[in-house]
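Structure record follows, encoded as structure tokens.
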Amino acid sequence: MKLLGNVTENQRPLLWLLGTIVVLSFFPVFIKATYWLHISVIVGIYIILATGLNMLTGLTGLLSIGHAAFFGIGAYASALLAIKLNLSFWITLPIAGIFTGFAGLLLSLPCLRLKGVYLTITTIGFGQIIYTIFVEWREMTKGPMGLTGVPSPKIGNFVFGSQGVYFYLVLVFAALLVLIAWQIEHSVIGRGMKSVRDDEIAAEVSGVDSAFYKKFAFTFSAVYAGLAGSLYAHYFRFISPDSFGPDFSTMVLMMIIIGGLGSIPGSIIGAVIVAILPEALRDFKSYQMIIYGLMLVVCMIFLPKGLVSVFGNIYEKIKYKLNGTKMKSESTNINN
Amino acid sequence: MEDLFVIKDLTKEFIGLRALSKVSLKVSQGEIYGLIGPNGSGKSTLFNVVSGVYPATDGQAFFKGDNIIGLKPFMITKKGIVRTFQNIKLFGSMSVEDNIKVGMGIKYNLSFADVILKTPKDRKCEQEIKEKTDYILESIGLQDYKKTISANLSYGRQRVLEIGRCWATDPNLLLLDEPGAGMNDKEKEDLIDLIYMLNEKGITIILVEHDMKLVMRVTKMITVLDSGKKIAEGTPKEISNNPKVIEAYLGKGAQHATS
């Protein structure tokens, strides 16, 4: 903490961001295996997805099990724009984000009047509808065959083709988007979102426009999913409806539950675990889903606040011990 | 004195039940007004309707001359009416400090860009919010619980925090729904001090309360409701001698017993 002593509280998140980017940029230098670089790209994309969903489900308390739909909308929008209109990645990415944001805003409108389970069921329905569109609108999406030939991002002649290079692209986006989410969480807007989650009526009588915050949360998390989808499409260069089905919605939800609902560090931890797990469980392929399910149940029972609470507790204990000894030394000073 | 808050023929019907029928009352600026009545007489319903939580069936409520019936709760709060709840409603997972800060958020219009970039405007607002929050916490005596999660506070302190959160919205009119319920004598004394302090700061207060001693002590004017109808209005002294009121509370024949 001494190191950051001269830095104001407002600049600290920015330093964290730069620090993380710098530290993680050495990753490809040491880890040459494309396999692990590939996994890290997936981790980055999952982090964006999970952070977005956590703003909606964890922070605003709107449980969505249709998030893969937004991810898919972003991916298809970006891929189609690139293939059919020959637009560059730097244009398709923001358009995919904005377009998905609109989809999120649209879904939020019927959801304003719904609470709890009913809202969740609506999001499941939305996920199913979008999934069906991906499969059935063959002229556009080529159905289950999927879209091939999505171009890699380029700057001039430089192509973000290999895993090692794409890693940097995803790293910058993930770090930036996590920072934005963090700033929002610790602001007037973040407090408004949390108040709607805790008690909507109390939030309203405290002057919080709950409808606005719900719309905002849906749009915001949809934009994140859309950007993640775009990054995904231009990385794999092939997309098919299977990646955006209901199974994947559950996976995204699992990330934030395992990591920690309502916690941005939790989203990151959850995304890392869910991305690495299939690789770790490669030998038990057929039992994979069973193990996922068990993990979810175990987390719900023993770690309702997710893995991040374990780290949080350790941190608190260290802080307590440090403060304890500090207080002792202070009191001896007074005695002297 | 000028009438700050005027309710005219307010009616609220639930299916098969008339919870309020043509209730009218006037509250002047700076007053501490009492609203009493037996259980189920419509006191909380009245609060729910004028704070926008329930829609009204009929009637009007004028605040500073504007009809507020039909507005959403957050708009009514922005106009300057704020309330507490009979069964305390706090933001349970948030710290005491953040509960107050949510109420404070109403005064600040920050854009998305301000928040993300932490512009000077945002920083100035956060600083102001922090200072005012500290002031409120100190005034209501919760400064030692700043970082405590509000659900972990004792019952009496939760009630005080709820009042503090209302105060943070900088209201003109504060509706207190049974603030003394579940408090011990010491806490009630502190509550009375708090009510007087808020009143001195220019906040008009309407108080729903079952503790007659408290109501009689604090308020200057009282309205009595029974089965959704207004049965009496007057000073505490007039009310305590009103035969209708005694009947509503104790039943017929009680008058002889009390006199």
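The values are calculated or read from the model by the stated rules, or taken from the named source; none is laboratory data. The model shown is predicted, which means the values in this text are computed figures rather than measured ones. Cβ: placed from backbone, ideal geometry, glycine included. Neighbour counts: every protein chain shown. Surface accessibility is based on the protein's heavy atoms, side chains included, excluding ligands, DNA and RNA. Shrake-Rupley method; radii C 1.70, N 1.55, O 1.52, S 1.80 Å.
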Please state which one of B:105, B:92 is closer than 29 Å to residue B:45 by Cβ, facing another protein chain (nearest Cβ under 8 Å), open to solvent by 10 Å² or more (accessible area, probe 1.4 Å) and in a helix (DSSP H, G or I).
B:105
Within the bounds of the range A:198-206, is there any residue that is at the interface with another protein chain (Cβ under 7 Å from one of its Cβ atoms) and modelled with pLDDT under 90?
no
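Mind checking whether some residue in the range A:273-296 is closer than 22 Å to residue B:94 by Cβ, open to solvent by less than 100 Å² (accessible area, probe 1.4 Å) and modelled with pLDDT of 80 or more?
Initial filter on the range A:273-296 (closer than 22 Å to residue B:94 by Cβ): none.
Taking every residue of the range A:273-296 in turn, none turns out to be closer than 22 Å to residue B:94 by Cβ, open to solvent by less than 100 Å² (accessible area, probe 1.4 Å) and modelled with pLDDT of 80 or more.
Does residue B:100 meet the test of being open to solvent by less than 20 Å² (accessible area, probe 1.4 Å), more than 7 Å from every other protein chain (Cβ to nearest Cβ) and farther than 19 Å from residue B:74 by Cα? Full working, then the answer.
Details: open to solvent by less than 20 Å² (accessible area, probe 1.4 Å): yes; more than 7 Å from every other protein chain (Cβ to nearest Cβ): yes; farther than 19 Å from residue B:74 by Cα: no.
Considered against the rule, which asks whether it is open to solvent by less than 20 Å² (accessible area, probe 1.4 Å), more than 7 Å from every other protein chain (Cβ to nearest Cβ) and farther than 19 Å from residue B:74 by Cα, residue B:100 comes out as no.
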If residue A:197 satisfies every condition in (1) within 30 Å of residue B:97 (Cα to Cα); (2) touching a strand residue (DSSP E or B) at 6+ places or on another chain (Cβ under 8 Å); (3) touching a residue at least 60 places away in the same chain (Cβ under 8 Å); (4) not aromatic (Phe, Trp, Tyr) but one, which is the exception?
(2)
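Would you mind listing the helices (runs of 4 or more DSSP H) fully within the range B:164-259 where at least 2 residues are open to solvent by less than 60 Å² (accessible area, probe 1.4 Å)? Let's see the steps before the verdict.
On the way: elements: B:185-200, B:212-218, B:236-241, B:243-250, B:254-258.
Counting at least 2 such residues, we get B:185-200, B:212-218, B:236-241, B:243-250.
Taking into account only those residues within the range B:60-89 that are of a type in the set (Gly, Ala, Ser) and open to solvent by less than 20 Å² (accessible area, probe 1.4 Å), which is nearest to the other protein chains (Cβ to nearest Cβ)? Please lay out each step first, then the result.
First, the residues of the range B:60-89 that are of a type in the set (Gly, Ala, Ser): B:61, B:65, B:70, B:80.
Those still in the list that are open to solvent by less than 20 Å² (accessible area, probe 1.4 Å) too: B:61, B:80.
Details: B:61: 15, B:80: 10 Å.
The extreme case among them is B:80.
Go over the candidates A:212, A:216, A:248, A:173 one by one and state the one that is crowded, with 21+ Cβ neighbours inside 10 Å and in a helix (DSSP H, G or I). Explain how you work it out, then say what you get.
Working: A:212 fails: crowded, with 21+ Cβ neighbours inside 10 Å; A:248 fails: crowded, with 21+ Cβ neighbours inside 10 Å; A:173 fails: crowded, with 21+ Cβ neighbours inside 10 Å.
Exactly one of A:212, A:216, A:248, A:173 is crowded, with 21+ Cβ neighbours inside 10 Å and in a helix (DSSP H, G or I), namely A:216.
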Within the group B:42, B:52, which residue is within 13 Å of chain A (Cβ to nearest Cβ), at positive phi, touching a residue at least 24 places away in the same chain (Cβ under 8 Å) and within 22 Å of the chain's Cα centre (by Cα)?
B:52
Matching residues, the range A:23-64, being crowded, with 20+ Cβ neighbours inside 10 Å, out of contact with any Phe, Trp or Tyr (no Cβ under 9 Å at 6 or more places or on another chain) and either closer than 16 Å to residue A:214 by Cα or basic (Lys, Arg) (or both):
A:54, A:57, A:58, A:59, A:61
Of the residues A:87, A:105, only one is without any contact (Cβ under 8 Å) to a residue 12 or more places away in the chain and surrounded by fewer than 21 Cβ atoms within 10 Å (Cβ to Cβ); which?
A:87
Any pair with Cβ under 6 angstrom, 6 or more apart, that starts in the range A:144-164 at a residue that is assigned by TED's automatic domain parsing to the domain that holds residue A:227 and ends at one that is among the basic types (Lys, Arg) and part of a loop (DSSP other than H, G, I, E, B):
A:150/A:237
Quick check, is residue A:222 closer than 29 Å to residue A:147 by Cα, assigned by TED's automatic domain parsing to the domain that holds residue A:172, modelled with pLDDT of 90 or more and buried (at least 24 other Cβ atoms within 10 Å of the Cβ)?
yes
